[in-house]
Amino acid sequence: MSDQQHLPDNTPQSASSGPIKVDIWSDIACPWCYIGKRRFEKAVAEFGGEVEIEYHSFELAPDTPVDFEGSEVDFLAGHKGMAPDQVRGMLERVGGIAASEGLDYDWDALRHTKTLKAHQVLHLAKERGVQPQVKERLLKAYFEQGRHIGHDEELAELAAEVGLDRAEVLEALSDERYLPAVQADIDQARQYGINGVPFFVFEDKYGVSGAQESLTFKQVLDQVRAEKTGIAAAPETADGASR
């Protein structure tokens with residue numbers, strides 16, 4: 001597969017036929033990460049096997065102020081050095097792709113902000129067993145509901161909606177106990193050569209970059225399962241049907 005790459009083999013591989021581990025580097029402020037999440041979820045549903053997912057931190061624009069004063073067009077025009085009209089066209093295209101995946105991006109309401117604190121909350125969520133739920137809630141809040149995910153109170157409120165203790169979230173953000181874990185994720189991404197997100201790592205062996213179509217993700221899942229079980233995967237056509 002052209003979108004698949006081998007990664008450095010840092011972890012001993014097992015012949016176990018247990019769950020397939022997928023580590024996903026992404027950023028809350030990345031529109032392609034939400035699109036990629038939906039496409040990957042579709043692939044997992046079609047795959048039918050057990051998949052264990054862990055989200056990892058990545059900041060696309062670490063120098064972004066918490067309270068950026070301006071629209072998403074303003075931010076991207078400055079960050080990417082593009083003309084505002086070019087940015088509007090790009091957002092329209094991305095919004096259309098998001099809509100095809102059932103997402104409703106609201107660029108006018110979006111509050112661009114630094115995502116470092118959101119990543120800290122996701123590490124707390126991982127420890128409490130609700131990381132997927134918190135990840136989904138933050139993405140929806142950011143892209144569809146115009147919520148400010150750079151503020152402690154807002155993050156605590158959103159996280160509490162899906163199972164975290166509000167007071168614990170505020171305490172963790174105050175003492176920054178998960179900041180080293182966020183940095184460790186960023187360092188690991190650098191070791192893997194990741195310079196953009198989303199980036200999917202299957203069993204510490206295969207890397208898939210970008211919000212690929214569901215079929216690509218499904219093919220990698222099939223390949224990994226075949227390698228784990230010793231059973232060859234049936235080839236698939238573009239319509240996803242085995243032949």
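The values are calculated or read from the model by the stated rules, or taken from the named source; none is laboratory data. Only a predicted model underlies this, so the values are computations on that prediction, with no experimental measurement involved. For neighbour counting, all protein chains shown are included, and Cβ atoms are generated from backbone atoms with ideal geometry for every residue, glycine included.
What tally of residues in segment 65-77 results from selecting those that are part of a helix (DSSP H, G or I) and surrounded by fewer than 15 Cβ atoms within 10 Å (Cβ to Cβ)?
Of the residues in that region, 1 qualify.
Inside segment 43-64, can you point out the residues that are under 22 Å from Tyr178 (Cα atoms) and loosely packed, with under 12 Cβ neighbours inside 10 Å?
Within segment 43-64, Glu52, Pro62, Asp63 meet the criteria.
Count, please, the residues in segment 39-82 that happen to be under 19 Å from His151 (Cβ atoms) and of a type in the set (Phe, Trp, Tyr).
The total comes to 2.
Within the set of pairs 6+ apart or on separate chains, which have a first residue in segment 167-195 that is closer than 15 Å to Ala118 by Cβ, a second that is surrounded by 12 or more Cβ atoms within 10 Å (Cβ to Cβ) and acidic (Asp, Glu), and C-beta atoms under 6 Å apart?
From residues that are closer than 15 Å to Ala118 by Cβ, the pairs are Leu170/Asp152; Leu173/Asp152.
How many residues does segment 179-219 hold that are among the aliphatic types (A, V, I, L, M) and part of a loop (DSSP other than H, G, I, E, B)?
3
Taking segment 62-78, which residues are in contact (Cβ under 8 Å) with a residue 24 or more places away in the chain, farther than 13 Å from Ala118 by Cβ and of a type in the set (A, V, I, L, M, F, W, C)?
Scanning segment 62-78 gives Phe68, Val73, Phe75.
What number of residues in segment 156-178 are assigned to a helix (DSSP H, G or I) and closer than 19 Å to Lys37 by Cβ?
Going through segment 156-178 one residue at a time, the tally reaches 3.
Within segment 37-52, is there a residue that is out of contact with any Ser or Thr (no Cβ under 6 Å at 6 or more places or on another chain), of a type in the set (Lys, Arg) and outside any loop (DSSP other than H, G, I, E, B)?
Looking for residues that are out of contact with any Ser or Thr (no Cβ under 6 Å at 6 or more places or on another chain), of a type in the set (Lys, Arg) and outside any loop (DSSP other than H, G, I, E, B), one finds at least one in segment 37-52, hence yes.
Being in contact (Cβ under 8 Å) with a residue 60 or more places away in the chain, of a type in the set (Val, Ile, Thr) and surrounded by 15 or more Cβ atoms within 10 Å (Cβ to Cβ): is that true of Val87 here?
no
Give all pairs with beta carbons closer than 7 Å in which a residue from segment 45-57 that is within 14 Å of Val121 (Cα to Cα) and aromatic (Phe, Trp, Tyr) meets a residue that is at pLDDT below 95 and crowded, with 20+ Cβ neighbours inside 10 Å; count only pairs at least 6 apart in sequence or on separate chains.
none
Would you mind telling me which numbered condition in (1) closer than 21 Å to Lys21 by Cβ; (2) out of contact with any helix residue (DSSP H, G or I) (no Cβ under 7 Å at 6 or more places or on another chain) Gln131 fails?
Result: Gln131 fails condition (2) only.
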